[in-house]
Structure formats: structure tokens, C-alpha cells
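Colleague: Questions regarding the structure given below will be posed in turn.
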Amino acid sequence: MSSGTFPAGNQPKEDCEGMSTDSAPHAIDPERLERIREAAYRIRQNALVQAEVQGQGYIGQALDIADVLAVLYADQLRLEPADPEWEGRDRFFLSIGHYALALYAALAEAKVLPEEELATYAADDSRLPMSAMRTYTPGVEISGGSLGHGLTIANGAAMGLKRKGSDAFVYNLLSDGELGEGSTWEAAAVAAHHGLDNLIAIVDFNDQQADGKSTDMLSMEDAGAKWEAFGWFVRRCDGNDIAAVLGCLEELRTLSDPRPRVLIADTQLGRGVDFLERREKLHFMKVAPEEWELARKALEEDFAR
Ligand SMILES: Cc1ncc(C[n+]2csc(CCOP(=O)(O)OP(=O)(O)O)c2C)c(N)n1
Ligand SMILES: [Mg+2]
């Protein structure tokens, strides 16, 4: 577990702590976990497929968030892959448009996008622009590159769905860098004020932003205590521990509590490719031509462990 602490009375359940990657909660079916683990592996490999076309990109983030996206797209989200605009769907809003690599790979995993199309990433006339945008890509719900606005949009959708009597959920993936945006906290206050219990925010706490470590730039720790003070139900876990993420997200979706919910997911930039995990942590990574094959092999070895 990261350095995060939990406010009194809001301690995580044992299966939601994510203290270690080898302590799968007994309540979760091993086959279900394996299915999600395989999805996470393919999301990572497909993130590399896209990034290799450009030779660089937001690779560290795609690798760090693959486990969370696998839990969502292979398990938690209610979707109709053939009809991405189906009214009854859960909404997944990506605040951080630069995480597009990871989202496209997850949409391919969910069969919303054809896997073959991933190789067109960021090419002229592709439906997969470098930063994710709603108008271009099936399954992409918002254009999120201007940081700090995803949660406000999620609020509106969650309110609208409630008024329509829908039981769909709205998920918003935001970054730890976005916690430095005032608009995020305005949105957090609004969500609590309106009791948006159909809203689940997930913070990718990778301790990285454009100029260095988030905790050095503008520390938002204790992040859990801050969200709780804004009136949210809070969970925090190792975001690369699939069992822990699944336990937390399932709890956040099923609990009966009038508050909006947030999962703070502590993740590791470059996760799954050992030499990228060890490399100087960078917001935008370059990978040398001869390293792509090594990266694919590293993922294979990581998956086999
Ligand atoms: C409103 C706004 N300000 C600045 C930027 C430029 N920008 C793009 S990504 C980024 C880093 C933000 O932190 P985070 O999303 O945590 O970075 P990562 O973990 O991806 O390195 C910044 C400052 C932006 N897209 N939008
Ligand atoms: Mg970050």
C-alpha cells in the first residue's frame, strides 16, 4: 500500500486494502481474476502496438492504468459493444485525454473497437487521435485533454441519469495531476451536495505529472482525507493489484451510501515492463527502436510470473 491513510470510520475492508499483489481476496472467483489478468496483459501489449507506430508516447501511463481498465472493461462496466451509444450503458469518462493509448486498447478488449484499427493510432484520418476525443472514436464519451473538467462533466451525466430514473453508473478516471486543478474540487463539492451515489471517480495516483513527481510539485496528500472532507466515500488500494481494484470497485458500486464514491489507485508508471519501471520517471517516454521487442518480451515474462 502506498503512504495513504484512511479517515477514521472509512477503513477499507480487508479485500480492498491491496496491501500486496499476492493476497487475492478469498471471495473472488480465481477464473474471474484470471480473465481480468489476461485482459490487462492484452491492454498492455496493445498499448505498445499503438505507441510503436509513433516511437514514443504516454506509455508509462498506459502501462500503469491497464489493470484498472481491465477490471472496468472486462468486468465492471455495463456496455453493448455493438451499440456504444446504448442508453442503458455505464458511462466511462476519461478526463485525461493523453491516456488515449490505454483507453483504445481497453475499447478493443471490450470489442467496441476492432483490434486491427489500433495500428492506425495518431495517423492522418485515423479514428484514434493522439488525445482521446468524443467526436472521433466510438466508445469515447468526452474530449478530456483540458485537464480538470472531466469530473464536472461526469456530475452532469450522473445528475441527468438520476433524473431519468436510470440505474447506470458514471465513472470518471482522473489523474493525480488533476487534483491540483481547482475545478476538480468544485466538482467534488457539487457531487457530494447533490448526493450523486451513481458516480465513481478513480484517481490514477501514479505520483507523476508533466514536470516531475506530483508529491513534489504540489502534494495533495492525504488525498483520501481530502476527498472524505469533501463528502465522498473513499477507498484506496494498489492500482496494480487486480484483486484489490476489483474488490474496491465492486464495493463502491454496490454499497448503499448516499455519497459519491472515489477509488484512489496507487499505480506504478511503466508497470509490467521492467526496464521502463526502472527508467527515470517521465510524463512522455521515448522508446528506442530496438527496445520495442524487448518491451513485448518483458510483458510476456511479467505475465508468466
Ligand atoms: C488545463 C490543462 N493544463 C495543462 C495541461 C498540460 N498537461 C498535459 S498532461 C499534464 C500533466 C498532468 O498531470 P498527470 O495527468 O498526473 O500527468 P501523468 O501522470 O500523465 O504524467 C499537463 C500539465 C493540460 N492538458 N490541461
Ligand atoms: Mg499523474
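The values are calculated or read from the model by the stated rules, or taken from the named source; none is laboratory data. Everything quoted here is computed from the prediction, not taken from an experiment. When we count neighbours, we look across all protein chains shown, and the Cβ atoms used for this are built from the backbone with ideal geometry, even at glycine.
Colleague: Please report, ordered by residue number, the strands (runs of 3 or more DSSP E) entirely within the stretch 197-280 with at least 1 residues that are acidic (D, E), within 13 Å of ligand 1 (Cβ to nearest atom) and within 16 Å of A70 (Cβ to Cβ). Spell out the reasoning first.
Modeller: Working: elements: 199-205, 233-238, 261-266.
Here the list reads 199-205.
Colleague: Give the number of residues within the stretch 133-161 that are touching a strand residue (DSSP E or B) at 6+ places or on another chain (Cβ under 7 Å), within 16 Å of ligand 2 (Cβ to nearest atom) and over 16 Å from E186 (Cβ atoms).
Modeller: 1
Colleague: Inspect all residues belonging to the stretch 176-185 and state whether any of them is more than 16 Å from ligand 1 (Cβ to nearest atom), surrounded by 23 or more Cβ atoms within 10 Å (Cβ to Cβ) and in a loop (DSSP other than H, G, I, E, B).
Modeller: Within the stretch 176-185 (the criterion being more than 16 Å from ligand 1 (Cβ to nearest atom), surrounded by 23 or more Cβ atoms within 10 Å (Cβ to Cβ) and in a loop (DSSP other than H, G, I, E, B)), the answer is no, since none of the residues qualifies.
Okay, residues lined up against (1) within 30 Å of I264 (Cβ to Cβ); (2) without any contact (Cβ under 8 Å) to a residue 12 or more places away in the chain; (3) part of a loop (DSSP other than H, G, I, E, B):
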| site | (1), (2), (3) |
| --- | --- |
| E116 | no, yes, no |
| D125 | no, yes, yes |
| A132 | yes, no, yes |
| T135 | no, yes, yes |
| E141 | yes, no, yes |
| G144 | yes, no, yes |
| A154 | yes, no, no |
| M159 | yes, no, no |
| S166 | yes, no, yes |
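Colleague: If we keep just the residues of the stretch 248-275 that are crowded, with 18+ Cβ neighbours inside 10 Å and among the basic types (K, R), which is farthest from A62 (Cα to Cα)?
Modeller: Among them, the one singled out is R259.
Colleague: Okay, moving on. Based on this model, can you work out whether I264 counts as in contact (Cβ under 8 Å) with a residue 40 or more places away in the chain and closer than 18 Å to I36 by Cα?
Modeller: No.
Condition check ((1) more than 21 Å from I96 (Cβ to Cβ); (2) surrounded by fewer than 24 Cβ atoms within 10 Å (Cβ to Cβ)) across all residues:
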{"site": "Q209", "(1), (2)": "no, yes"}
{"site": "T215", "(1), (2)": "no, yes"}
{"site": "L218", "(1), (2)": "no, yes"}
{"site": "E221", "(1), (2)": "no, yes"}
{"site": "W227", "(1), (2)": "no, no"}
{"site": "F233", "(1), (2)": "yes, yes"}
{"site": "C237", "(1), (2)": "no, no"}
{"site": "A243", "(1), (2)": "yes, no"}
{"site": "L246", "(1), (2)": "yes, no"}
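Colleague: Restrict the check to the stretch 129-151 and report whether at least one residue is among the hydrophobic types (A, V, I, L, M, F, W, C), at negative phi, surrounded by fewer than 19 Cβ atoms within 10 Å (Cβ to Cβ) and within 16 Å of ligand 1 (Cβ to nearest atom). Before you say what the answer is, go through the steps one by one.
Modeller: Filtering the stretch 129-151 for residues among the hydrophobic types (A, V, I, L, M, F, W, C) gives 130, 132-133, 140, 142, 147, 151.
Of the ones still in play, those that are also at negative phi are 130, 132-133, 140, 142, 147, 151.
From what's left, surrounded by fewer than 19 Cβ atoms within 10 Å (Cβ to Cβ): 130, 133.
Those left that are additionally within 16 Å of ligand 1 (Cβ to nearest atom): 130, 133.
Yes: one or more hits.
Colleague: Separate question: Hey, does the stretch 270-287 have a residue that's in contact with a Lys or Arg (Cβ under 8 Å, 6 or more places away or on another chain), within 12 Å of ligand 2 (Cβ to nearest atom) and at pLDDT below 95?
Modeller: yes
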